Amino acid sequence: MIHDEFEVFAAALSPMSALMGLDLGEKTIGVAVSDQMRTVASPLETVRRKKFTLDSARLLELVDDRELGGILLGLPKNMDGTEGSRCQSTRAFARNLSRLTELPIGFWDERLSTVAAEKALLEADTTRKRRGQVIDHVAAGYILQGALDRMRFL
């Protein structure tokens, strides 16, 4: 089930279940996961997008393998808070994914997550080639960590 309100999404989660965070791009999907206590987000992998059936199969395989309890998608709002075409495609992806799983699906405002991830990778003196390989799942980690931090205050 899809939850537009973050608080409702958080309330729908089973206790002691890890979460998956996604950074949806046109060519890739960055994936991060949390621990069961929902304190730390860890970048996991970048899925090269092919078509929805293959992409969703890989994501749901990770859900099953790691016994995850919810899926959080980064919502790429414009800097003024409005939603554009990228938000529409993210919401469409969530609708399609919700037909394949009973897990709660929620959204987290991802503004500047890729910028923060890029900055962290630069500070870690990561090569340009390596940054290109990991930026998406590092950004997913930032998205998920922001949501985990917010959950502590709910």
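The values are calculated or read from the model by the stated rules, or taken from the named source; none is laboratory data. For clarity, every value in this text was computed on a predicted model and none was experimentally measured. As a convention, Cβ positions derive from the backbone with ideal geometry for all residues, glycine included, and neighbour counts pool all protein chains shown. Heavy atoms of the whole protein, side chains included, go into the accessibility calculation; ligands, DNA and RNA do not. Shrake-Rupley method; radii C 1.70, N 1.55, O 1.52, S 1.80 Å.
Report, by residue number, each residue of the range 12-48 that is open to solvent by 20 Å² or more (accessible area, probe 1.4 Å), closer than 27 Å to Arg86 by Cβ and outside any strand (DSSP E or B). Selection gives Ala12, Gly25, Glu26, Lys27, Arg38. Checked against the criterion of being touching a residue at least 12 places away in the same chain (Cβ under 8 Å), open to solvent by 10 Å² or more (accessible area, probe 1.4 Å) and acidic (Asp, Glu), the candidates Glu83, Glu7, Glu61 yield just one match: Glu7. Evaluation of Glu118 against the conditions (1) loosely packed, with under 15 Cβ neighbours inside 10 Å; (2) modelled with pLDDT under 90 shows that the sole unmet condition is (1). Could you tell me whether Val8 is part of a helix (DSSP H, G or I) and more than 15 Å from the chain's Cα centre (by Cα)? Judged against the criteria, Val8 is a match.
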